[in-house]
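Asker: Handing you this structure, nothing more for now.
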Ligand SMILES: [Mn+2]
């Protein structure tokens, strides 16, 4: 038995409200079809965040269906689960139609008390000859209301988190019971999940909270889930949510495959990949990352004015296609429109796009920059917390 594991595509991503990722996603999906052709897996698993938003743009839906139409010709089963960015309704709408193509969609979780509904998330796997070869507990991103039965009034934050963890564990336990017939046959048992496993290493921006900020709505980063929520009978756990590929909790068979394209400047040092997992009877025999080729270069350029100029000057391959996107942060002691213009001109000459725009950070004491002393030419929503009046005035002046 062999599976390919991917997640966190974020089709339709709007990059700084100015650029889309349509071309990069098209190239990735074409590449993925080629991998299906070469690897010939028995199942493809997409572990959540197919789309970047609950209401994806039309071109993203077209890319998704175009991909599925091709992929089902090369793969006996495809399993898609919803992530926190996905709308369960968008994913589930074509569910019955896709089922006829052996594409199984689980857009959202179900109430933990509803065993019949959970049973529908257990998917038997068959090979090209129609033989039963394994089973998957296709568990999507779980919302609090689905996994909690005992919401008490006035409970503390810690109690809330602890109940959420218990609920997720119970959900996987419920799956385990339904998987027993397959376990007894000695078949490989696979589970999916879209959650923040404890001890995961975040990409730079994820750590800063810029990228995956909606870990659990209103729950922040504390709602990490220990890997002991996954029963030992699961032979492989295909996770999504964290964009940096990694093993979780030192258990080689519990994995994040990461996002296939960098979705923020904090992800540019990640090795983007999908995972090819082979089983020998019900044991994982081999887990092999397949690196996703990079299509567009993303760069982070920061430093003093002189350093930024030197860095931009030293960039080779300018005018490469597609154009380079860069995050440019200039640390200055006093605002200078002239310097900013020179940097912008230099970038334009090299056909590098600064996103969102070149940003000046003001060092009030001339040494370090703190977020509270930051003066932004372009500003983000969190800055409103600091200086609502300044933000308002800047907005009016645009
Ligand atoms: Mn994601």
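The values are calculated or read from the model by the stated rules, or taken from the named source; none is laboratory data. Computed from a prediction, not measured in an experiment: that's the story for all the values here. Cβ atoms come from the backbone with ideal geometry, glycine included; neighbour counts cover every protein chain shown.
Asker: Taking the criterion of being assigned to a strand (DSSP E or B) and closer than 22 Å to residue 24 by Cα, would at least one residue in the stretch 303-318 satisfy it?
Answerer: no
Asker: For the stretch 255-265, how many residues are within 15 Å of residue 48 (Cβ to Cβ) and more than 12 Å from the ligand (Cβ to nearest atom)?
Answerer: Qualifying residue count for the region: 1.
Asker: Give the residue that is farthest from residue 129 (Cα to Cα), with candidates limited to residues of the stretch 76-90 that are away from the ligand (no atom under 16 Å from the Cβ) and surrounded by 18 or more Cβ atoms within 10 Å (Cβ to Cβ).
Answerer: Among residues in the stretch 76-90 that are away from the ligand (no atom under 16 Å from the Cβ) and surrounded by 18 or more Cβ atoms within 10 Å (Cβ to Cβ), the one farthest from residue 129 (Cα to Cα) is 79.
Asker: From the residues in the stretch 32-55 that are surrounded by fewer than 22 Cβ atoms within 10 Å (Cβ to Cβ) and within 16 Å of the ligand (Cβ to nearest atom), which one is farthest from residue 121 (Cα to Cα)?
Answerer: Going through the qualifying residues, I end up with 53.
Asker: Still on this model: Being modelled with pLDDT of 95 or more and out of contact with any strand residue (DSSP E or B) (no Cβ under 8 Å at 6 or more places or on another chain) is the filter here, so list the residues in the stretch 244-261 that pass it.
Answerer: Once the filter is applied, which keeps residues that are modelled with pLDDT of 95 or more and out of contact with any strand residue (DSSP E or B) (no Cβ under 8 Å at 6 or more places or on another chain), the stretch 244-261 yields 259, 261.
Asker: Could you identify the single residue in 14, 8 that is within 16 Å of the ligand (Cβ to nearest atom), surrounded by fewer than 17 Cβ atoms within 10 Å (Cβ to Cβ) and more than 22 Å from residue 135 (Cα to Cα)?
Answerer: Testing whether each residue is within 16 Å of the ligand (Cβ to nearest atom), surrounded by fewer than 17 Cβ atoms within 10 Å (Cβ to Cβ) and more than 22 Å from residue 135 (Cα to Cα) leaves just 14.
Asker: Let me ask something else. Please work out which one of (1) exposed (fewer than 14 other Cβ atoms within 10 Å of the Cβ); (2) in contact with a helix residue (DSSP H, G or I) (Cβ under 9 Å, 6 or more places away or on another chain) is the condition residue 310 fails and give its number.
Answerer: Evaluating residue 310 over (1) exposed (fewer than 14 other Cβ atoms within 10 Å of the Cβ); (2) in contact with a helix residue (DSSP H, G or I) (Cβ under 9 Å, 6 or more places away or on another chain) leaves (2) as the failure.
Asker: Would you pick out the residues in the stretch 224-254 that are within 16 Å of the ligand (Cβ to nearest atom) and part of a strand (DSSP E or B)?
Answerer: Listed by number, the residues that qualify are 225, 238, 239, 240, 246, 248.
Asker: Name the pairs whose Cβ atoms lie under 6 Å apart, with the first residue in the stretch 227-243 and closer than 18 Å to residue 174 by Cα, the second at pLDDT below 95 and within 14 Å of the ligand (Cβ to nearest atom), and 6 or more positions between them or separate chains?
Answerer: Hits for this filter: 227/197.
Asker: Of the conditions (1) over 19 Å from residue 35 (Cα atoms); (2) surrounded by 19 or more Cβ atoms within 10 Å (Cβ to Cβ), residue 93 fails just one. Which one is it?
Answerer: Unmet condition: (2).
Asker: Here's a follow-up. Examine the stretch 194-214 for a residue that is at pLDDT 95 or above and either more than 16 Å from the ligand (Cβ to nearest atom) or in a strand (DSSP E or B) (or both), and state whether such a residue exists.
Answerer: Yes, there is a match, as at least one residue in the stretch 194-214 is at pLDDT 95 or above and either more than 16 Å from the ligand (Cβ to nearest atom) or in a strand (DSSP E or B) (or both).
Asker: Being within 16 Å of the ligand (Cβ to nearest atom) and either within 29 Å of residue 126 (Cα to Cα) or surrounded by 16 or more Cβ atoms within 10 Å (Cβ to Cβ) (or both): is that true of residue 24 here?
Answerer: For residue 24, the condition - within 16 Å of the ligand (Cβ to nearest atom) and either within 29 Å of residue 126 (Cα to Cα) or surrounded by 16 or more Cβ atoms within 10 Å (Cβ to Cβ) (or both) - is met.
Asker: Which one of the conditions (1) surrounded by fewer than 18 Cβ atoms within 10 Å (Cβ to Cβ); (2) at pLDDT 95 or above; (3) farther than 25 Å from residue 31 by Cα does residue 278 fail to meet, given that it meets all the rest?
Answerer: Tallying (1) surrounded by fewer than 18 Cβ atoms within 10 Å (Cβ to Cβ); (2) at pLDDT 95 or above; (3) farther than 25 Å from residue 31 by Cα, residue 278 fails exactly one: (3).
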